[in-house]
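Report on the structure given below.
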Amino acid sequence: MEIQKITKSDFDQILSQLSDFWGDRSTEVVLLHHPLFLYEFGDTALVMKENEKVLGYLLGFMLPHKKLGYIHFIGTRLTRRKKGIAKSLYSDFIENCKKAGCNSIKAITPLKNTGSIEFHKTLGFTLIGDPDTETGIPVIKNYNGLGGDRVVFVKNI
């Protein structure tokens, strides 16, 4: 298995096989896979491949003026979850961010994505915001527009 920068072929493979990564949620997440992550942020978007098959991917970018790396999306094939792929992609992205002068990483997720919340906690991310009234999990109200509360993760690197 090898981690490398995303290519057009990789991006097309991910989009054409989105249900292999997201199952029933593929129609929910398809619009979050904008081609700008290939064309404008392709130097910071990563894939892990075995032969030519994409096993996992990370769509992210850096904001040098804020010394911040932002992870927009990470996906692993459903059949390859819990194998360290996402953790390896995060690790490579963080190393690239450090080399570029970033000192922190940020990611977000909806409150209902408990898997993502637990994953980020295991990687040492801090959740910022005020406790949600039902779950107690910190959220930033209206982060994603009116009614779009989000769990916001930050980590110093």
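Bear in mind that the values in this text are calculations on the coordinates, not laboratory data. Quantities reported herein were computed from a predicted structural model and do not represent experimental measurements. Quick reminder, even Gly has a Cβ in these numbers, built from the backbone with ideal geometry, and neighbours come from all protein chains shown.
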With R₀ set to 22 angstrom, the calculated FRET efficiency between the beta-carbons of THR114 and SER91, to the nearest 0.05, is 0.45
Within region 25-85, DSSP-loop trypsin sites (Lys or Arg not before Pro) with at most 16 other C-beta atoms within 10 Å are LYS67, ARG81, LYS82, LYS83
Within region 1-43, DSSP-loop GluC sites (Glu not before Pro) with at most 15 other C-beta atoms within 10 Å are GLU40
Dipole check, region 59-157, charges on Cβ (K,R +1; D,E -1), about Cα centroid: among ALA86, ILE137, PRO64 the Cα furthest to the positive pole belongs to ALA86
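List the chymotrypsin sites (Phe, Trp or Tyr not before Pro) within region 111-157 that DSSP assigns to loop and that have no more than 16 neighbouring Cβ atoms inside 10 Å.
Details: sites: PHE119, PHE125, TYR143, PHE153; in loops: PHE125, TYR143.
The qualifying sites are TYR143.
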Averaging 1/r across every pair of distinct alpha carbons in region 103-157 and inverting yields a Kirkwood hydrodynamic radius, in angstrom, of 11.2
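Set the Förster distance to 22 Å, then compute FRET efficiency between LYS82 and LYS121 from the Cβ-Cβ distance, nearest 0.05.
Step by step, r from the Cβ atoms, then E = 0.90.
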Looking only at aspartates and glutamates whose Cα falls under 18 Å of LYS8's and that sit 8 or more positions away or on another chain, we get GLU40, ASP43, GLU50, GLU52
Under the 7 Å Cα-to-Cβ spin-label approximation, THR7 and LYS141 lie apart by a distance in nanometres of 4.9
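Relative to the Cα centre, what is the charge dipole magnitude of region 103-157, using +1 at the beta carbon of each Lys and Arg, -1 at the beta carbon of each Asp and Glu, and rounding to the nearest 20 debye?
Numbers: 6 positive and 5 negative charges, 45 e Å.
About 220 debye.
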Fewest-first ordering of VAL152, VAL54 by Cβ atoms within 10 Å yields VAL152, VAL54
Scaled by the rule-of-thumb 2.2 N^0.38 Å, the alpha carbon Rg for the chain gives a ratio of 1.02
